[in-house]
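Okay, structure first, notes after.
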Amino acid sequence: MSCSNPQSEVKDPGADIPERRTKPKNNQCIKCKTAAPVIQIRHALYCRECFVYATSGKFLKWFLSNFKPNDVHPVFYVAVSGGPSSRYLLQLLHTQMSPRKGKGSFIRPGSAEKLVVIYVDQSKVVPGAENLRNHIEDMVKDFPSVEIIEADVSESWRGSQASISAYLSGQPGQPPSATASEPTADLFDSTLSTSSQESHLALLTHNIILREARKHADSLLGKDSTAPLFLGTSATRVTIKLLSSMSRGRGWSVGSGEVQPESTQYGLNVYQPLLNTSSKEIAYYNRFAIPAHSQAVVNRSFTTFSPPKSSIDRLTEELVVSLERGFPSTVSTVARTGNKISFAGETKEGERLCTLCGWPARAKANEWKNGIAITKLAGEEDESNPLADMLCYGCYTNLTDSRARSHVNYALPGWTDEYAEKQKVTESEMRKEIEDCLIDDNDNDNE
């Protein structure tokens, strides 16, 4: 007997409602009022020249609001994947690094003496992906002063002698392997969910970029010096990230800097200047303004040529793109709303950080999950679970994937030790927290 509902004869009242697609009333460029338009951005039409001018002007306005025109920085760090967004960001930063004419005969100097490109190779993790180092060299070969730092995803385990092993489901993890590639393969091979694999890869890539920039800044500028780091996250991508992060259980830390235009991480000033620029604008700008020999390259991902339901990110992307097609202001509205979200947890001095992702975490998220889900069978003995207590809900869910094996048994990246040490409360700190409740020994003697 089938459990499905029978076919209903009641028609969906919204089935015949057409898509809401606003068409401009005139067929002229909104800027010059003379040329024929070639692209529609939201509810406005642009010709080719006006579109390039308006798009680059949007970035220039943001840049001048954060950097003084006559200041020259020693270095700019920029994370580059080789895709359209990072290629767009490189092109615009190049215009600001070159000397440009000011008022009268004044020549403004370049905003930075050097550009350091950080590229993380994912070809050893993602099936079918390529190393894009040669393509990135073609993109920056005309830049005045540039350095490329190439890192691999396996860098997360390198240089760490005792990273914490995953001890989440009752069985201690194995000690870290001697080579860096084995823990990398073990982490991704043991994670069967594509959504968790994408989350792991994004987390590792972000932390590697921050650490490589921090290490280079320490050697170039001195220890604990500040430097700007640019990330090419577009409005479309941050909309997808915002919705998918909340779907994965990362809503607690969504306002802590991951979707913010400006934040401070690892002592670096992290900027995301493309949060008001959609992927459509970026694609057309690259087509109109960038030479063919240095165009962006789209690399393979875990969900390339996969159906929308293959992962949370892929399904969210399908939803956002389909909504943007009918309602052109969807991406800009969600992205601007995400920019206004602020973290409402503990103060910055006392906030808890997840030992894996480094973002603010709710205390003992694993206990909350155990209260709403069956995580072990009856009769199993309770064992200490120190690592799970220091993870945020999103990372804990990814590591204990319901489709994965029952005992999580692999080494975690080396920075988990660093984050774990920060969470330990010393005896003096504990005494300071409860000093108001303690009775002084001198008071007892007086009595």
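One table, with the values for the structure above:
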{"quantity": "Of Lys31/Lys280; Lys124/Lys215; Lys141/Lys223; Lys114/Lys340; Lys114/Lys280; Lys31/Lys241, those spanning more than 28 Å from alpha-carbon to alpha-carbon", "calculated": "Lys141/Lys223; Lys114/Lys340; Lys114/Lys280; Lys31/Lys241"}
{"quantity": "Neighbourhood net charge (13 Å Cβ-Cβ; Lys/Arg +1, Asp/Glu -1) for Thr303", "calculated": "-1"}
{"quantity": "Whole-number percent relative contact order across segment 21-61, with pairs defined as alpha carbons under 8 Å at least 6 apart", "calculated": "30 percent"}
{"quantity": "Hydrodynamic radius of segment 240-343 per Kirkwood, over alpha carbon pairs, in Å", "calculated": "15.7 Å"}
{"quantity": "Placed amide H near Phe230: partners under 5 Å, 5+ positions off or other chain", "calculated": "Tyr77, Val78, Ala79, Tyr271"}
{"quantity": "Quotient of Cα Rg and 2.2 N^0.38 Å for segment 21-61, N being how many residues it contains", "calculated": "1.14"}
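Since every read-out is calculated from the coordinates, none of them should be taken as a lab result. Values in this document were obtained by computation on a predicted structure and should not be read as measured data. All Cβ positions, glycine included, derive from the backbone under ideal geometry; neighbour counts span all protein chains shown.
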